[in-house]
Structure formats: structure tokens, C-alpha cells
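Here's the structure we're looking at; comments come further down.
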Amino acid sequence: MPLRVETYDRIEDAARALSTNRNARVIGGGTLLMRGVNAGVQGFDTVIVVRGGQSREIQSDGARLEIGAGVTMASIAANADLAFLAPAARVVGGPAVRAAATVGGNLFARPPFGELTTALLALGAQIHYVGHGTPQSIDDFLRERGRDRTRIVRAVSVPRIGDPSAFRFVKVTRVAPKGAAILSIAAHVPMQGGRVTGARIAVSNMGPTPLRAIGAERALEGQPLSDDTAQRAAAAMMEGLSPLTDELASEWYRREVAPVHLRRLLLPNHGR
Amino acid sequence: MAKKPVQFRLNGDEKAVFAAEGENLLDVLRRGVGDLTPKFGCGQGTCGACTVIIDGEPRLSCITLAETVEGKAVSTVAGLADGARLHPLQDAFMRHFAAQCGYCTPGMLMAAKALLDRNPRPSREDVVDAISGNLCRCTGYEAIINAILDAASGASQNARRV
């Protein structure tokens, strides 16, 4: 498919161009988009470039952190305020990929990629668009991702995680750390009075986007983070999830190992 | 196909080329400028053979849209040596036999240079991470890691002075 590249100085102009062309894609670091361009099978006919890139700002209003769509994985990994997200950012490719790959790009990554988006889903991130005042929940964003590609993401915002043990992430891969993921799991398990309150568990490669493990969340809610609770969460984890089969792993394999990794993530010191 | 002008600095020299729509930086460097040091491996950002440094950061030129380097500084292995005088990293690679077929070597050198520019005294773990995006099917990596650590320690410069 012949490709057209449109370059804009102002992101508002780029947003206008995207809103009128369903076959256009905005390029962030290019680490995913350019693979398709190089192969000539990109499935789009226009690449929109924002000169100078998208916002690389990381802002805090105390309780929440706003991360610009142009912030790279390397910048997240190096930012003290975002230390809780570093484990997800550090496992995205090698240093040259992390220096280019952006938050905005990762939101649109297809399986087996998208580790950061899995983490953002567990954190209950909000998606902020250029020219739209009202943010969208990441759950809604991911549900509509395949259908609505006419808005440019300006930033994502996440709650500040004060207790590092409340947020956990693991990428399961055959070639650590940069190999493509068999699956990744992010678990946000805030504790109140010794019990899990508001658990969000996200897992990748169980569908076309990262998905919540609702069964596991239900098993954890209101419970102490004990061996029994973790076992129950692991047993309920695959409820409603349909693991993918690809070159990396079969549906069966993913279904078998995902609960094991969730249990280890919830009880990292168990049996050691 | 329409072509667009792109201007950037390559190893300190100003370059102006025409890039086809969607052309990647690796093709522009090799075909447009004639710098054959960055290699084409996978074309997917997986092997690291095309690693260059853009504005101080390691980047994969095969998945970098050429137009996005407008006004930036690009470094390749072609700019490492000073005439016949090898860069300390090149010298260390030679002394440690860190290249066999040599295809990954330009990418390894640029990944290593990006590390040492930022962190002149890296640990072994730092080096392993720095080249974690670069595949080598010959050496088993040990010789490469040792060469980078050696270059960082200044041993190469000392050896050359002898």
C-alpha cells in the first residue's frame, strides 16, 4: 500500500488530520508502526508525524501523575516519581527500543506487546485526548481501541502509588528481559486494615488487548493477602479469559501457567 | 513516490538527502548517504545490527522514520575512529576477539558507546543490559562484554600508548 507521511508542527493540526482520515496513524517512537511500514503490510495509508514529538512532560498534582504520550520507556524507568511503573517500562525491548518507544504508542500495541498498557490497566489509568476535556477510563479505551482511532492521546494519568508493595508486575518471557511476552500480569492490590481493597489485576495475551482478570479480583477483594487467598485468586484467574495461541505459546500453555505466575506475584516470598 | 528533504548531522558533518515516504533511517544512511556501517538484520527492531546514536541515545535505525531525524545528530561506527587511530571500544573489541563474523559488531559498538557516554564506569550488569537488544550468533557475548568493560576501564587506551 503506498504510504503518505504528513508532518505537523502543532498537535492540534495533527489531531484534525487524524479525525478526518480513518486510515491514518500517529507515529510515536515508531518501534511498532515502522515494523509494518518496513514489511509493506501496515494496514494504514498515512503516517502522521508531530514535529518534535508528542508531550514528554511528567506532571504531578499530588495524588495523580500525568504522563505525556511522548514520554519514553527509558524516561519512565529513570523517573523517581514513576518508580512503581519502572518494572513494566524496563522490560520493553532493549535500551534502543526503550529510548524510542512511547506511552502513546504502547497504548495501541497489539499482542504480544503492550507491557506498559497492562500495568496502566491495573492502575486504572485515565486517557486524556488532544482537544477533549473529559478523560476516558483505560477500560473503555481498550474496549473501543479497534474501532475508534480518530483521536490523539495527549497523556495518561495514574494514581501515585505510595506503598510500592501495592503494585506488582511480571513479564513472562523465554528470553529475559527483552523477548516478547508469553504473558504479563500487573496487580494493584491496595491494603486497608490488612485486607485487599479495590484490587485490579490485568493480564496480557488473553485477547486482542490487555484484560482484567475479574475472577481473581473478586477472590482477593476484602481478603488478607494470604496463601489461601492467593490460591483462590489463581484458581479464578482465567474466568472469562481466552488465551491466545501464537508462535510463543499455545492457548493451553498460557492457561496453565498464568495462575502460577499470579500466585507467585501475589506471594513473592512464598516457599523461598 | 514523492520524496522529502531531510537534513541532519552525521558524525559531525551536515547531510541533506531526499527520503521516500515512509523510508527508514537505515536505508537513508546506506543508500542515500553511503554510510554502510549500520547493518540491515531483521528490519523489525529485534536484532540491533542497525543501532546508531541519535542525539545521545541508542536507536534502531531500521525502525526510525527518516523524517523524524530532521535537525538531529546521528552517530555511526563510521565516525568512531580518528583516521587510523581506533576508538578505545574498537581497540578493545579487536584485542578481546569480540567479533567473529562481525555483522553485529557495528550495532554492538554503538550500543556500547551510548552506554559509556552516559556511564563511563559501568558494572557488568549495566553492560549486559546495554547490549540486551543486540543479537550475536557467534561469540556467546562474553568476549563482547569483557571488551566493553575493558574499554571502560581505560585498558585499551593504556595498551595503545605502549
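What follows is calculated from the coordinates using simple rules that are stated; it is not laboratory data. Note that the coordinates shown come from a computational prediction; the quantities given were computed from them, not determined experimentally. Cβ coordinates were reconstructed from backbone atoms using ideal geometry, including for glycine residues, and neighbour counts include every protein chain displayed.
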B:T46 - would you say it is under 14 Å from A:N38 (Cα atoms), within 14 Å of chain A (Cβ to nearest Cβ) and surrounded by 19 or more Cβ atoms within 10 Å (Cβ to Cβ)? yes
Return yes or no: is A:G105 in a helix (DSSP H, G or I) and buried (at least 22 other Cβ atoms within 10 Å of the Cβ)? yes
Cross-chain or 6+ apart pairs with Cβ under 6 Å, the stretch A:26-55 first and more than 10 Å from every other protein chain (Cβ to nearest Cβ) and crowded, with 18+ Cβ neighbours inside 10 Å, then part of a strand (DSSP E or B) and among the small types (G, A, S): A:I48/A:A24; A:S55/A:G68
Of these, B:G56, B:G102, which one is touching an Asp or Glu at 6+ places or on another chain (Cβ under 7 Å) and on the phi > 0 side of the Ramachandran plot? B:G56
Restricting attention to the stretch B:69-86, the residues that are facing another protein chain (nearest Cβ under 9 Å) and buried (at least 24 other Cβ atoms within 10 Å of the Cβ) number exactly 0
Unique residue being more than 27 Å from B:V128 (Cβ to Cβ), more than 16 Å from the chain's Cα centre (by Cα) and touching a residue at least 60 places away in the same chain (Cβ under 8 Å) when the list is B:E14, B:E70: B:E70
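Residue-wise test of (1) more than 14 Å from chain B (Cβ to nearest Cβ); (2) free of Cβ contacts under 8 Å to residues at least 40 places away in the same chain.
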residue	(1), (2)
A:A96	no, yes
A:V103	yes, no
A:A109	no, no
A:G114	yes, no
A:T117	yes, no
A:L123	yes, no
A:G131	yes, no
A:T134	yes, yes
Which one is surrounded by the fewest Cβ atoms within 10 Å (Cβ to Cβ), of the residues in the stretch B:51-68 that are closer than 19 Å to A:G105 by Cβ and among the hydrophobic types (A, V, I, L, M, F, W, C)? B:I54
If you check B:A99 against the conditions, is it touching a residue at least 24 places away in the same chain (Cβ under 8 Å), crowded, with 16+ Cβ neighbours inside 10 Å and part of a helix (DSSP H, G or I)? no
Extreme residue, nearest to the other protein chains (Cβ to nearest Cβ), among residues of the stretch B:12-39 that are within 30 Å of B:C138 (Cα to Cα) and surrounded by fewer than 17 Cβ atoms within 10 Å (Cβ to Cβ): B:R31
Could you say whether any residue in the stretch A:108-126 is farther than 24 Å from A:G62 by Cβ, touching a helix residue (DSSP H, G or I) at 6+ places or on another chain (Cβ under 6 Å) and either part of a strand (DSSP E or B) or of a type in the set (F, W, Y) (or both)? no
